[in-house]
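To keep things clear, I will list the structure first and then write my remarks on it.
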Amino acid sequence: MNNSFQQINKPIRKKDAMNLLLGKPAYVEDITPDDCLIVKVLRSPHGHALIKEIDISAALSLPGIEVIYTYKDVPQERFTMAGQTYPEPSPYDRLILDQRVRFVGDAVAIVAGETEKIVDAAMKLIKVKYEVLKPVLDLNEAKDNEILVHPEENWKSLCSVGADNQRNLCASGSCQEGDIENVFLQCDEVFQRTYHTKANQQAMMETFRTYCQIDPYGRLHVISSTQIVFHVRRILANALGIPKSKIRVEKPRIGGGFGAKQTVVSEVYPAFVTWMTKKPSRIIYSRTESQIAATPRHEMEITVKIGAMKDGTIKAFDVYTLSNTGAFGEHGPTTVGLSGHKSIPLYSNNLEAFKFSYDVVYTNCQAAGAYRGYGATQGTFAVESAVNELASRLGIDPVEIREKNMVRQGQTMSAYYNEVATSCTLDKCMNHAKKLFDWQNRAKVHDLGNGKVRSAGVAMAMQGSGISGVDVGSATIKLDDEGYYTLLIGAADMGTGCDTILAQMAAECLDCDVDKIIVFGADTDASPYDSGSYASSTTYVTGKAVEKACHQLKENLCKLAAEALECSIEELEFTNNGIKNLNTNIIISLSELATKSMCGNNISTQVTVTHSSPVSPPPFMVGMVEIELDKETGQVDILDYVAVVDCGTVINTNLAKVQTEGGLVQGIGMALYENVQYSEKGAIAENSFMQYKIPTRLDMGKLRVEFESSYEKTGPFGAKSIGEIVINTPCPAIAHAIYNATGIWLRDLPMTPEKILMALPEE
């Protein structure tokens, strides 16, 4: 630990820890009244169909039913539910309710009534006549298919992302540097492989839920479990066709998000009900709804062509990604970019040429969205697996081939928008992991008898820290009565502890204890504008805004103290007790300053700062795993996972470790268990936790997390991000370990026992 800090780089307890542990009211359902309309959505049983007739008369006649809305009742201006900075790259392809339903689970009608029981009864009485259409479910068949998912004329794309609804294209693009074909011709070893990752559910504890009411001023007040309060306000304004000034959005505690709540999944339905009826309403998604009608990870098929010399020097990458955005385009154009731009740059040391191209296609599958890793997870699996295959083909240790080719401090990453690795300890991470894991000995395959084998695998990864030149973080810091501070933020703490981390930064700047920082957020009426908590932006982007705001506040308080002490600012020193005159040793306390600011004062004791970064310095990570594989059953057990992370300066050592452990477990789930499968008609079989397996404590093995800190000069106190990178190494590392145990490369996730058994040769 860095002992030069007082509040930073310390294992400080989360600000809300005790209240959450004690079960105090904190979440949407806890803090909103029960005497409101209950809202539910009638969902389509068909993957692709047109609603020809819909009869709501019997349902509407039930006592206690307030309203039932169909596609005939909603505005006809299309919008996107993606929580992105305006103008959104995601196409405007949605209506609140549409005559055309595009996946099993798509919204058909909105029902609002006094009780859940009566709403459930009403939904059973709604009679819908469909013209069933053929769905397109295979991402390989979607592009230029005669079946169009979005044939409508009012579909539109605000940004030039290569979208074309008449070709089922949500996005398409390509970039390259160097003469890639010529470089391939010069290489000793050139091979191509295709890797496939399926959709994955975020599976957060708290499902989607939203409460709406009309406030005393006639405005729509939305309380929602969301990561993006300001984007929700804009999206609802677009969907309802009302001014943003008529909407207030706030979030309470969030029971997990992992990117799922970067999309406005539930908010639009109670918002429409409340705006139309002027009565309060609430929707709470069931787990089944969260599994079939939300926004899971994008399914991707990634083809990697790699060129190298016999000594392991990697000279060229050609990566093509085919991404399945599903029925709607939320995050489709943006997620796909990370599959190449956050994987190829890892090998910048000797890289002479690269090409990255992609297509994002519409299908009649559940619409995809944001999930931790946001495309980098899929791309890392493909590229890291290809590098491990290369090492095997050349007979080179996979650690050595990475050490030879990995990006290092000060190098330009051409495949990462030509950003420079200004803070990079990836080489130290690898060396640290190698020693901690004992790679030299544990990389050897050990046959235990009885069909069981122990083996190891390795992978490395990079991510980003916010979206460069796009994401905006803001912070307001003010001195309050008795000398404490209030920190107002627009970022959303979703269990990650960002309230605590930002408070630590403020406390470090203001030379006080964390308990003296009161954190409030996020509320569109009170918080300064913030893009929201996604893209690993909060610590790096919003944290820098906090740091700047605190420094400005200190300057203002020194000016105020100079007036009170009748001296120059140069004579003053800001301390934890107050502001001290160095010549007289007189101290004016913060409490006295707060009191003075209330009368006859022209100096602000409240400061707001907005920050955006032109760069997105990547965190780096190395992961090494030991597995035990049973060749008779195909069962894979995780024994030991070593992760060494470079996230710049670690702000909170406890929270950083927990973030890493959580990401590793999610990555293990993606690698071995989590599966989304569609029937011929487009229905998802894994619609509950009975069918959709996520890893438990018994599946994660021993997790060992350590850090190799760099110092990022553009980040607050030298910090970068950590939230997303930690999910990226398990898939390729485990695939590598399975190969070492069996001699089989599995390129299709998840790597289930059945797949392993079927691939094993008969003895």
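The values are calculated or read from the model by the stated rules, or taken from the named source; none is laboratory data. From a predicted model like this one, the values you see are computed outputs, not experimental measurements. Here the Cβ positions follow ideal geometry from the backbone for every residue, glycine too, while neighbour counts run over all protein chains shown.
Scanning the stretch 138-163 for residues that are in a helix (DSSP H, G or I) and exposed (fewer than 15 other Cβ atoms within 10 Å of the Cβ) gives 140, 141. None of 510, 582 is over 30 Å from residue 255 (Cα atoms) and touching a residue at least 24 places away in the same chain (Cβ under 8 Å) except 510. Looking only at residues in the stretch 461-488 that are of a type in the set (A, V, I, L, M) and over 19 Å from the mean Cα position of the chain (by Cα), the one that is farthest from residue 390 (Cα to Cα) is 479.
Against the numbered list (1) within 17 Å of residue 528 (Cα to Cα); (2) of a type in the set (A, V, I, L, M); (3) under 21 Å from the mean Cα position of the chain (by Cα), residue 247 comes up short only at (3). Could you say which residue among 488, 479 is touching a residue at least 12 places away in the same chain (Cβ under 8 Å) and farther than 23 Å from residue 221 by Cβ? Of the residues listed, the single one that is touching a residue at least 12 places away in the same chain (Cβ under 8 Å) and farther than 23 Å from residue 221 by Cβ is 479.
Filter the stretch 28-82 for residues that are hydroxyl-bearing (Ser, Thr, Tyr) and assigned to a loop (DSSP other than H, G, I, E, B); which is surrounded by the most Cβ atoms within 10 Å (Cβ to Cβ)? So that I can check it myself, show each step before the final result.
Filtering the stretch 28-82 down to residues hydroxyl-bearing (Ser, Thr, Tyr) leaves 32, 44, 57, 61, 69-71, 80.
When the remaining residues are screened for being assigned to a loop (DSSP other than H, G, I, E, B), the result is 32, 44, 61, 70, 80.
Working: 32: 18, 44: 21, 61: 10, 70: 19, 80: 28.
The residue in question is 80.
For residue 166, the criteria (1) in a loop (DSSP other than H, G, I, E, B); (2) assigned by TED's automatic domain parsing to the domain that holds residue 367; (3) out of contact with any strand residue (DSSP E or B) (no Cβ under 7 Å at 6 or more places or on another chain) hold in every case but one, which is (1).
From the residues in the stretch 395-405 that are closer than 22 Å to residue 441 by Cβ and not basic (Lys, Arg), which one is surrounded by the fewest Cβ atoms within 10 Å (Cβ to Cβ)? Top of the filtered list is 395. Does residue 176 qualify as being of a type outside the set (Val, Ile, Thr) and touching a Pro at 6+ places or on another chain (Cβ under 8 Å)? Taking the combined requirement at face value, the residue does not satisfy it. Only helices (runs of 4 or more DSSP H) whose full extent lies in the stretch 652-763 are considered here, and the ones with at least 1 residues that are polar (S, T, N, Q) and modelled with pLDDT of 95 or more are 653-672, 730-742. Just wondering, is there one or more residues in the stretch 449-469 that are in a loop (DSSP other than H, G, I, E, B), at pLDDT below 95 and in contact with a strand residue (DSSP E or B) (Cβ under 7 Å, 6 or more places away or on another chain)? Yes, the stretch 449-469 contains at least one residue that is in a loop (DSSP other than H, G, I, E, B), at pLDDT below 95 and in contact with a strand residue (DSSP E or B) (Cβ under 7 Å, 6 or more places away or on another chain).
Which of the strands (runs of 3 or more DSSP E) found entirely inside the stretch 187-247 contain at least 3 residues meeting this: out of contact with any Asp or Glu (no Cβ under 7 Å at 6 or more places or on another chain)?
Answer list for the stretch 187-247: 189-197, 209-214.
Residue 545 meets all of the listed conditions (1) loosely packed, with under 15 Cβ neighbours inside 10 Å; (2) within 40 Å of the chain's Cα centre (by Cα); (3) at pLDDT 95 or above but one, namely (1). In the stretch 11-31, the residues that are within 30 Å of residue 280 (Cα to Cα) reach residues that are modelled with pLDDT under 90 with C-beta atoms within less than 9 angstrom, at least six apart or across chains, in these pairs: 19/25; 20/495; 26/20; 31/25. Every test in (1) hydrophobic (A, V, I, L, M, F, W, C); (2) surrounded by 24 or more Cβ atoms within 10 Å (Cβ to Cβ); (3) touching a Phe, Trp or Tyr at 6+ places or on another chain (Cβ under 7 Å) is passed by residue 249 save one, and that test is (3).
For the stretch 430-448, how many residues are hydrophobic (A, V, I, L, M, F, W, C) and under 21 Å from residue 629 (Cβ atoms)?
5
Screening residue 313 against (1) over 30 Å from residue 111 (Cα atoms); (2) under 20 Å from the mean Cα position of the chain (by Cα) leaves a single unmet condition, (2).
Those strands (runs of 3 or more DSSP E) of the stretch 558-641 in which at least 1 residues are surrounded by fewer than 18 Cβ atoms within 10 Å (Cβ to Cβ) and not hydroxyl-bearing (Ser, Thr, Tyr), considering only elements entirely within it, cover 572-574, 587-589, 606-611.
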